[in-house]
1. Mind listing whichever residues of the stretch 338-380 are of a type in the set (A, V, I, L, M) and under 27 Å from Ser131 (Cα atoms)?
2. Suppose we filter Ile332, Ile376 for residues that are in the same structural domain as Ser234 (by TED's automatic domain parsing), over 20 Å from Leu484 (Cα atoms) and either in contact (Cβ under 8 Å) with a residue 12 or more places away in the chain or among the polar types (S, T, N, Q) (or both); which single one remains?
3. On the basis of being at pLDDT 95 or above, hydroxyl-bearing (Ser, Thr, Tyr) and out of contact with any strand residue (DSSP E or B) (no Cβ under 7 Å at 6 or more places or on another chain), does Ser372 make the cut?
4. How many residues are of a type in the set (Val, Ile, Thr) and more than 19 Å from Asp165 (Cα to Cα) when one looks only at the stretch 119-141?
5. Determine, yes or no, whether Ser67 is of a type in the set (S, T, N, Q), under 21 Å from Glu397 (Cβ atoms) and assigned to a helix (DSSP H, G or I).
6. Among the listed residues Glu171, Glu116, which satisfies the condition of being assigned to a helix (DSSP H, G or I), touching a residue at least 24 places away in the same chain (Cβ under 8 Å) and among the acidic types (Asp, Glu)?
7. When you go through (1) in contact with a Pro (Cβ under 9 Å, 6 or more places away or on another chain); (2) within 23 Å of Thr398 (Cα to Cα); (3) at pLDDT 95 or above; (4) part of a helix (DSSP H, G or I) one by one for Asn506, which number turns out not to apply?
8. Tell me whether the stretch 76-84 contains one or more residues that are closer than 23 Å to Thr133 by Cβ, assigned to a loop (DSSP other than H, G, I, E, B) and free of Cβ contacts under 8 Å to residues at least 12 places away in the same chain.
Amino acid sequence: MSDYSLQHNDPILLNDIEKDLFRLHGSKNIWIEHSLSYQERLGWVETPTLIEESIKLCKNAFDRAVSHLNPSSVVFIGMGGSIQTGKVLNQISLKSKYQLIFLDSTNPRDVSSVREKIDILKTLFVFMSKSGTTLETNKLMNFFTKELTQKGKFDFGDRFIVLTDAKNSLEKFALKNNFFQIINTPKNIGGRFSSATAFGIFPATFMNEILTSFKNNYLWDSNQVIKKCSLLTSILIDSYENHNGILNLKIPEEISQMGIWLEQIIAESTGKDGKGITPIINNYIDIGCPKILINSKDQKKYTSTRADELVISFDKNTIFEDMFIWQASISILCKHMSIFPFDEPDVERSKLNTKNILKKYKDMRKVTIPYSRSDINNMINENETNRVLYINLYINETKNINTSLNKLKEKLSSYHGIKVVAGFGPRYLHSVGQLQKGGPKDVWSIFFYDENLINSYTEKNNYKDLSDTFKAQMLGDLDALKDLEINTYLVNIDSNNKDPFKNVINKIKEE
């Protein structure tokens, strides 16, 4: 079982949190009034039962798929909450007899990399979208449909499984095109709260030891769950009430996907109405705010008598328990913040801008990129009173790029005390994208983009639509932030460079 430890706590606050937790489990409304019914989003509170039901549903679908198709590879395609649990499980899983790939990007280079890894005629494609209208998922489905149909005249749907809510446009498309399987997901559970549904469990059926551990551990010690939830919620409330909404998370690289899951549940749930908790992951200096240390190799180094440090040791055998604890804690935190945790009202800004750009321009290569004329030091000087920098990356994610990015974050932190949240597009749009637009406005953003990379795919077979979409998503979000009068900069970068941020890093001057 996973372990949580906190040196000190406030017994009165912990008692109030426990009361809220019992009300939450009883499906009582603890939040401000909202046009969306809270009851339509609380299906996840019965997570142990939900896991058991999901295992039965997904195991049947798994048995049918592997016996009929016998795939060598399985490609899971989705965005945000629909796919992130699977990415977490895949990272902590020891092995699978299948090549499991998770694709949550319209970046044509990322898609090309996946295409090169698979034998498309021996691959099962799983499309995951709660609403059925997720732009990226539908674009990727269109891409692989074209790739398959070019291989011969056959029913491409025979290799497609879809996870989605019933009676939406995606389900209708799947029925029309004879998809191999449609797995309907509960309507009363939002995407980032859907870990215990088929969105999490179906990927787990391809990871034998993970599924077995779920079967053996879905019955929890409720007293331990209450204790852990109370400790975590008290830290989150302290971050909001006493530290300007800044939360410091220390997460090792080997469970980095859990960090992305946490980032979404925190940022997209709390980042609205000008409020929000900003998760700063692995900052390089002490930023003087509540700190949560997760599976840290330096646990003794960081553990202290401070009341604002929580040490969490995740156990992969009970990972769903930990996800439930975070979901419950964030929900109770939102009550204290007087916001509604289950919507994402500002995400639509970027989506609408993207659709309008794609509709307006038939040839995206002709769209002028509004690059910033300021160098990095001018940007820093212009934003010295802003509390957080968001780095939005419209380049492919590689080990070299992440290493170089970490050097940039470290120098910004050590030289200027800048708190940085970084995310790759379009993935971050379904996570911290809500916080950037709906949260506190004393922030700024830098977009990094490789124009040569994107343009190189516009003439390639079936990649033009992805290339155009990727570029339009960047410009759409850029415009959304500018409309909110957030200082926003766009920088062209060579992502093929061994150290792509080196020139930017070398220019940064110390205060």
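The values are calculated or read from the model by the stated rules, or taken from the named source; none is laboratory data. Keep in mind that what you see is a predicted model, and the values were worked out from it rather than measured. Here the Cβ is made from the backbone with ideal geometry for all residues, glycine too, and neighbour counts use every protein chain on show.
1. Ile339, Val347, Leu352, Ile357, Leu358
2. Details: Ile376 fails: in the same structural domain as Ser234 (by TED's automatic domain parsing).
Result of the check over Ile332, Ile376: Ile332.
3. no
4. In the first step, residues of the stretch 119-141 are kept if they are of a type in the set (Val, Ile, Thr); the result is 120, 123, 126, 133-134, 137.
Keeping just the survivors that are more than 19 Å from Asp165 (Cα to Cα) gives 120, 123.
Residues flagged as of a type in the set (Val, Ile, Thr) and more than 19 Å from Asp165 (Cα to Cα) within the stretch 119-141 amount to 2.
5. Here the answer is no, as Ser67 does not meet what is asked.
6. Numbers: Glu116 fails: touching a residue at least 24 places away in the same chain (Cβ under 8 Å).
Answer to the check: Glu171.
7. (1)
8. No, the stretch 76-84 contains no residue that is closer than 23 Å to Thr133 by Cβ, assigned to a loop (DSSP other than H, G, I, E, B) and free of Cβ contacts under 8 Å to residues at least 12 places away in the same chain.
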